[in-house]
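The values are calculated or read from the model by the stated rules, or taken from the named source; none is laboratory data. It should be emphasised that the depicted structure is a prediction, and the values quoted were computed from it without experimental measurement. A quick note on method: Cβ atoms are made from the backbone with ideal geometry, for glycine too, and the neighbour counts reach across all protein chains shown.
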2 protein chains.
Amino acid sequence: MSERQQLHLNLFIHDTGHHEASWRLPESDPRADLDLGFHQRLARIAEDAKFDSVFLADSPALWGDPARRPSARLEPTVLLAALAASTTRIGLIATASTSYNEPYNLARRFASLDHLSGGRAGWNIVTTAGDAAARNFGLDGQPLHRTRYERAAEFLEVSAKLWDSWADDALVGDKDAGVHALPDRVRPAGHHGRFFRVEGALNVRRSPQGHPLLVQAGSSEDGKEFAARWAEAVFTAQPTLEEGQAFYADVKRRAVALGRDPEHVKILPGIVPVIGDTEAEARELEAELDRLIRPEYAREQLAALLKVEPERLAFDAQLPDDLPTEDDVEGSKSRYTLIVELARRENLTVRQLIGRLGGGRGHRTFTGTPVQVADTIQHWFEHGAADGFNVMPAVLPSGLEAFVAKVLPILRERGLFRTDYTGRTLREHYGLPRPGDRYALASAVPASV
Amino acid sequence: MSERQQLHLNLFIHDTGHHEASWRLPESDPRADLDLGFHQRLARIAEDAKFDSVFLADSPALWGDPARRPSARLEPTVLLAALAASTTRIGLIATASTSYNEPYNLARRFASLDHLSGGRAGWNIVTTAGDAAARNFGLDGQPLHRTRYERAAEFLEVSAKLWDSWADDALVGDKDAGVHALPDRVRPAGHHGRFFRVEGALNVRRSPQGHPLLVQAGSSEDGKEFAARWAEAVFTAQPTLEEGQAFYADVKRRAVALGRDPEHVKILPGIVPVIGDTEAEARELEAELDRLIRPEYAREQLAALLKVEPERLAFDAQLPDDLPTEDDVEGSKSRYTLIVELARRENLTVRQLIGRLGGGRGHRTFTGTPVQVADTIQHWFEHGAADGFNVMPAVLPSGLEAFVAKVLPILRERGLFRTDYTGRTLREHYGLPRPGDRYALASAVPASV
């Protein structure tokens, strides 16, 4: 079975699990969020299971109310560096913000990660919604959505110049002549733009993958355009097959319009597998978790996301009719719309909506037996909604262990998932080409004239 | 023998060695600078030898001329995270710039490193001299020396607020009540200053050491004042015993004047041990390395440091008389003065000066037999010039291996260096107290009123 017909799996690590209340289960360690050993264990389970990659989300601010759930997170680039030293094959994807970093620093950290890990680094590019983060960086509130994406576009341009500032063959290491590198194969970035001026070459040579795998996760209009231009993998929240298919077709079409091969943009919807040996057992596991959510905390968070006063959200009523539209929202636009549409489509009360969001924050929850979960995965994969999945276990590590022990063997039996790694780098796992060296390109031009 | 009477050793890792031309030796891999395995090997040798810590220098710009010597470096915080996962006891000190980072991001990376490593993180605080770095961050040239230090002071204030934003006992993890942390034990930074506005609490809890060990390495007036205020360890280049003694007394005096215990500022001069079984053998090793320096490259770098045209430096003449004074220099002030004074004191020609700098960049070279090197270390340690040493082998790993195999046993026999670790954290290795929790302090006040 060829690489093209196989699906890709990413493990989204999120402390004790993606369910809001997972930390309250007996198995969970409330300190897991800052514990290297816990993350090493998850990465090793995923690597033993031959996942393509692990992934860490991020924002440079407290993650919600510290009373309610773990609100601390290890900074992802340093955590992934530690995981690079603790694993040998699995890809390592860290989220980092283009709004609250400088290109020279961030391009360098990712290039360093790619060297450290032998070509296993990926960057999930985010523009970071929210006023809390903005206020940690000298601003009064978040910049406009559009402005954040304009800065992100220029940030990527600068990063690409920095990653390519050393030709692949710049280092010669000629000890006899005393020449370490060829100076004319090291070129300054020389970037002068609206947001950034960056003069120098990067102080890290071109990395094993050329540059890290580029991942994107925003699904607004700006987000999809950005993904079509830059992303090699897209994480997305798609609650139904139909929406998943529409999104998949839309992003691939946009990539083609920009002259890219649609196979070089992998679409990975998030799934929250809740697995039981019987369907009833799976439902019971889901219900047990939902009972652990403290509704008054959850309502406060929902209200903040919907830009309304918490008192306007009655637990046993549906959402108010007069909510703002996506255009009025400067935060996580696509997440906002997804939540409102989910509530309206299924006529959910606020309490029911909280249960759905606590489980997967709008991602599709696949609750059922291993065969049912495998069937749904196969169906999405074979019907134009996914090149693979961003696996978000409700509880970690037990939900991951159940997925690996019970669902993966079925997918393998059906020839849908690898039995071993065939490549060394993260791009090789995803079947993506290594980006070419701009120097090779530049020297090819005069030769053909 | 008590902790107080023993000396401290830090390994300064600098790719294939601190000698300019070390990469040209047969044993050296020209790609070692970006190779995790090479750094793991060095860290493990140092840990097996019970060094207090390893240390990485840094600047966010190319490190000199790529033709001449390795000019790339893995970003230190990510490299140390990988080394944290590869070692268990040794301290890990990374350099990072206060001029080209944001406090929220950097305070978070170091807090993350301290959690990851179980309390082994240290931060060498630098203000970053040089126009090349400035031009990678939107500036035309480096800010004034004084301005850089003012920014550094405020950067540290903000960082301290962020590191202390969670009380040590903030996390309760009460699963039954659904309370993860006590909200009144998590306090926003609320910093509004000249350089920074940082509103929020850090999204990393207080770390095993409270905050990373603070290290400083500038020896200008501003640098010494900064060290006296903040530093718990000071790296310094002191070419003679007398200068070392004067510096040691000066920094300790300044710390006392600020109300600090002088024992809580450890002074660690750099030493470049060049070891031979006979003195002649050591001298031959030193001479062999110096022959590998390409003088025309080295002269260019020296000229840039001294702010003169390269042609004004004749190889076989002494330095010109009309060099600028330290006050005119906005870069590495103390390094500038050290080099000029070294040349004048010893009447060195430009060629001789290049040899001396190529070997240790102004740090004291201890060339001789193991006993001679151990004698010098003991002499400095027992005569008020050092609490320990920043060991900078001319060639890595062989110079480190020689030091460990030949000099350390002598120091141990004399009771001057530990035979095993007695503590777990980096501060414990250096015999420094864990900084108190400001919450404990705050709540102690009402109790005593």
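Looking at segment B:248-279, which of the residues that are in a loop (DSSP other than H, G, I, E, B) and among the charged types (D, E, K, R) is surrounded by the most Cβ atoms within 10 Å (Cβ to Cβ)? Even if it seems obvious, please write down each step before you answer.
In the first step, residues of segment B:248-279 are kept if they are in a loop (DSSP other than H, G, I, E, B); the result is B:258-261, B:265, B:276-278.
Keeping just the survivors that are among the charged types (D, E, K, R) gives B:260-261, B:277.
Numbers: B:Arg260: 17, B:Asp261: 11, B:Asp277: 11.
Taking the candidates together, the pick is B:Arg260.
Which members of segment B:280-306 meet the condition of being outside any helix (DSSP H, G or I) and more than 16 Å from B:Asp316 (Cβ to Cβ)? Before the answer, list the steps.
The first filter runs over segment B:280-306 and keeps only residues outside any helix (DSSP H, G or I), leaving B:292-294.
Of everything in segment B:280-306, those that are outside any helix (DSSP H, G or I) and more than 16 Å from B:Asp316 (Cβ to Cβ) turn out to be B:Leu292, B:Arg294.
Can you work out which of the residues in segment B:70-88 that are facing chain A (nearest Cβ under 7 Å) and of a type outside the set (A, V, I, L, M) is surrounded by the most Cβ atoms within 10 Å (Cβ to Cβ)? Walk me through how you get there before you give the answer.
First, pick out the residues of segment B:70-88 that are facing chain A (nearest Cβ under 7 Å): B:70-75, B:77-79, B:81-82, B:84-86.
Those left that are additionally of a type outside the set (A, V, I, L, M): B:70-71, B:73, B:75, B:77, B:86.
Working: B:Pro70: 24, B:Ser71: 23, B:Arg73: 23, B:Glu75: 30, B:Thr77: 27, B:Ser86: 19.
Within segment B:70-88, the match that is surrounded by the most Cβ atoms within 10 Å (Cβ to Cβ) is B:Glu75.
Are any residues in segment B:290-325 within 14 Å of another protein chain (Cβ to nearest Cβ) and β-branched (Val, Ile, Thr), and if so, which ones?
The answer is B:Ile293, and nothing else.
Can you tell me which residue among B:Arg345, B:Arg364 is in contact with a Ser or Thr (Cβ under 9 Å, 6 or more places away or on another chain), of a type in the set (D, E, K, R) and under 19 Å from B:His18 (Cα atoms)?
On the way: B:Arg345 fails: under 19 Å from B:His18 (Cα atoms).
Unique residue meeting the criteria: B:Arg364.
For segment B:1-46, how many residues are more than 18 Å from B:Ala237 (Cα to Cα) and within 13 Å of chain A (Cβ to nearest Cβ)?
Step one: list which residues in segment B:1-46 are more than 18 Å from B:Ala237 (Cα to Cα), which gives B:1-6, B:15-16, B:21-46.
The next check asks that each one be within 13 Å of chain A (Cβ to nearest Cβ); those that pass are B:15-16, B:21-41, B:43-44.
Final tally of qualifying residues: 25.
Cβ-Cβ under 8 Å, sequence separation 6+ or interchain: first residue in segment B:96-116 and at the interface with another protein chain (Cβ under 7 Å from one of its Cβ atoms) and within 12 Å of B:Ala160 (Cα to Cα), partner among the polar types (S, T, N, Q) and surrounded by 24 or more Cβ atoms within 10 Å (Cβ to Cβ). Which pairs?
Partner pairs satisfying both residue conditions: B:Tyr104/A:Asn136; B:Arg108/B:Asn203.
I'd like the residue in segment A:136-152 that is part of a loop (DSSP other than H, G, I, E, B) and in contact (Cβ under 8 Å) with a residue 60 or more places away in the chain and, out of all such residues, is surrounded by the fewest Cβ atoms within 10 Å (Cβ to Cβ).
Applying the first criterion (part of a loop (DSSP other than H, G, I, E, B)) to segment A:136-152 yields A:136-144.
Checking which are in contact (Cβ under 8 Å) with a residue 60 or more places away in the chain leaves us with A:136-137, A:142, A:144.
Values: A:Asn136: 31, A:Phe137: 22, A:Gln142: 20, A:Leu144: 10.
Looking at residues that are part of a loop (DSSP other than H, G, I, E, B) and in contact (Cβ under 8 Å) with a residue 60 or more places away in the chain, I get A:Leu144.
Please determine whether any residue of segment B:231-241 is under 20 Å from the mean Cα position of the chain (by Cα), surrounded by fewer than 17 Cβ atoms within 10 Å (Cβ to Cβ) and within 30 Å of B:Thr425 (Cα to Cα).
no
Inside segment A:308-357, can you point out the residues that are over 21 Å from A:Phe235 (Cβ atoms), part of a loop (DSSP other than H, G, I, E, B) and touching a residue at least 40 places away in the same chain (Cβ under 8 Å)? Step through it out loud before you land on a result.
Of all residues in segment A:308-357, those over 21 Å from A:Phe235 (Cβ atoms) come to A:308-325, A:327-328, A:330, A:343-355.
Now restrict to residues that are part of a loop (DSSP other than H, G, I, E, B): A:308-309, A:313-325, A:330, A:346-349.
Within segment A:308-357, just A:Glu330 meets the criteria.
Being at pLDDT 85 or above, away from chain B (no Cβ under 14 Å), farther than 30 Å from B:His180 by Cα and part of a helix (DSSP H, G or I) is the requirement here; does A:Val371 meet it? Write out each step before concluding.
Working: at pLDDT 85 or above: yes; away from chain B (no Cβ under 14 Å): yes; farther than 30 Å from B:His180 by Cα: yes; part of a helix (DSSP H, G or I): yes.
So A:Val371 fits the description; yes.
Taking the condition surrounded by 22 or more Cβ atoms within 10 Å (Cβ to Cβ) and more than 7 Å from chain A (Cβ to nearest Cβ), does B:Ala49 pass?
So B:Ala49 fails the test.
Failed condition for B:Gly64, given (1) part of a loop (DSSP other than H, G, I, E, B); (2) more than 7 Å from chain A (Cβ to nearest Cβ); (3) within 25 Å of B:Glu428 (Cβ to Cβ); (4) of a type outside the set (A, V, I, L, M), with all others met?
Result: B:Gly64 passes all but (3).
Listed here are the residues, each with its yes/no results for (1) touching a Cys at 6+ places or on another chain (Cβ under 6 Å); (2) at pLDDT below 90; (3) of a type in the set (Lys, Arg).
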| site | (1), (2), (3) |
| --- | --- |
| B:His264 | no, no, no |
| B:Pro269 | no, no, no |
| B:Glu279 | no, no, no |
| B:Leu289 | no, yes, no |
| B:Leu292 | no, yes, no |
| B:Ala298 | no, yes, no |
| B:Gln301 | no, yes, no |
| B:Ala304 | no, yes, no |
| B:Lys307 | no, yes, yes |
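Checking A:Gly91 against (1) more than 7 Å from chain B (Cβ to nearest Cβ); (2) surrounded by fewer than 23 Cβ atoms within 10 Å (Cβ to Cβ), which test does it fail?
(2)
Anything in segment B:138-171 that is of a type in the set (Val, Ile, Thr) and within 14 Å of another protein chain (Cβ to nearest Cβ)? List them, or say none. Before you say what the answer is, go through the steps one by one.
Taking segment B:138-171 and keeping what is of a type in the set (Val, Ile, Thr), we get B:147, B:158.
Residue satisfying the conditions is B:Val158 alone.
Just one of B:Gly223, B:Gly173, B:Gly210 is crowded, with 24+ Cβ neighbours inside 10 Å and either within 28 Å of B:Glu428 (Cβ to Cβ) or in contact with a Leu (Cβ under 8 Å, 6 or more places away or on another chain) (or both); which is it?
On the way: B:Gly173 fails: crowded, with 24+ Cβ neighbours inside 10 Å; B:Gly210 fails: crowded, with 24+ Cβ neighbours inside 10 Å.
Checking each option against the conditions leaves just B:Gly223.
On the given criteria, is B:Leu162 outside any helix (DSSP H, G or I), in contact (Cβ under 8 Å) with a residue 40 or more places away in the chain and in contact with a helix residue (DSSP H, G or I) (Cβ under 9 Å, 6 or more places away or on another chain)?
Numbers: outside any helix (DSSP H, G or I): no; in contact (Cβ under 8 Å) with a residue 40 or more places away in the chain: yes; in contact with a helix residue (DSSP H, G or I) (Cβ under 9 Å, 6 or more places away or on another chain): yes.
No; evaluated as a whole, the condition is false for this residue.
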